[in-house]
Amino acid sequence: GGFIGAYIKILCIVSYKVAIMSGKCGKPAGECKCKIPSMDLRVTDKIQITGGSGMGKTHMLVNDIFLAKGSPYNSSGVRIYLCINNVSRDQPLYQKLKKESKADVKFVKLPEDEEQEKQLFDMFKSHDGDQVIVFDDQLVEGKRSVGKRVIERVFIAGRHMGLGVILIEQSPMT
């Protein structure tokens with residue numbers, strides 16, 4: 001957790017779900033059409049979304065941040081990298097993002113060795129526009145030394161490459 005520092009906007013799903021549940025429509029979070037208030041987000045921000053299993057973290061990311069009307073993430077020239085496990089790639093929300101977003105959405109794998117790490121950073125450097133990488137439950141999987149180092153390096157060096165970072169975790173202290 002130390003490398004995260006003060007660079008992140010933390011979105012707590014617990015309060016989000018409570019806000020959605022008490023919204024005008026009164027429907028559960030997954031069915032609610034209410035939107036979260038504007039948070040003045042930039043593609044290059046560093047964001048952590050935390051909440052328990054089933055709280056709507058991915059729903060919030062895809063529908064209320066990436067695909068929301070006026071979202072800076074939903075425009076051509078932006079690239080979104082999804083670093084998620086293979087099972088999550090088939091998740092309907094990530095497939096919806098890939099299909100509906102104006103951004104270039106790519107699935108990437110957390111590097112397992114230095115060569116894969118170099119390829120990932122070369123990909124970041126080769127893109128001219130704004131870009132963001134989403135690490136969905138990768139800190140747990142990133143306990144491997146190379147994977148964890150990559151996540152730390154992205155946090156530290158990402159802004160020099162115009163790269164935002166979004167961490168989705170079940171615990172803010174992972």
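Using heavy-atom solvent-accessible surface (probe 1.4 Å) with all chains present, what is the largest-first order of F124, F107?
Listed by decreasing accessible area, they come as F107, F124.
Can you put R79, R153 in order of accessible area, largest first, using a 1.4 Å probe?
In descending accessible area the options line up as R153, R79.
Quick check for me: using +1 on Lys/Arg Cβ and -1 on Asp/Glu Cβ, what's the dipole size of segment 36-124 about its Cα centre, in debye to the nearest 20?
480 debye
Let me see the pair-distance distribution of segment 75-137: every alpha carbon pair, 5 Å bin width, integer percents in order.
Going from the shortest bin to the longest, the percentages are 4, 17, 27, 24, 18, 9, 2.
The values are calculated or read from the model by the stated rules, or taken from the named source; none is laboratory data. Remember, it's a predicted structure, so these values are computed and weren't measured experimentally. Neighbour counts run over all protein chains shown; Cβ positions are idealised from the backbone, glycine included. These accessible areas exclude ligands, DNA and RNA; they are computed on the full protein's heavy atoms, side chains included. Shrake-Rupley method; radii C 1.70, N 1.55, O 1.52, S 1.80 Å.
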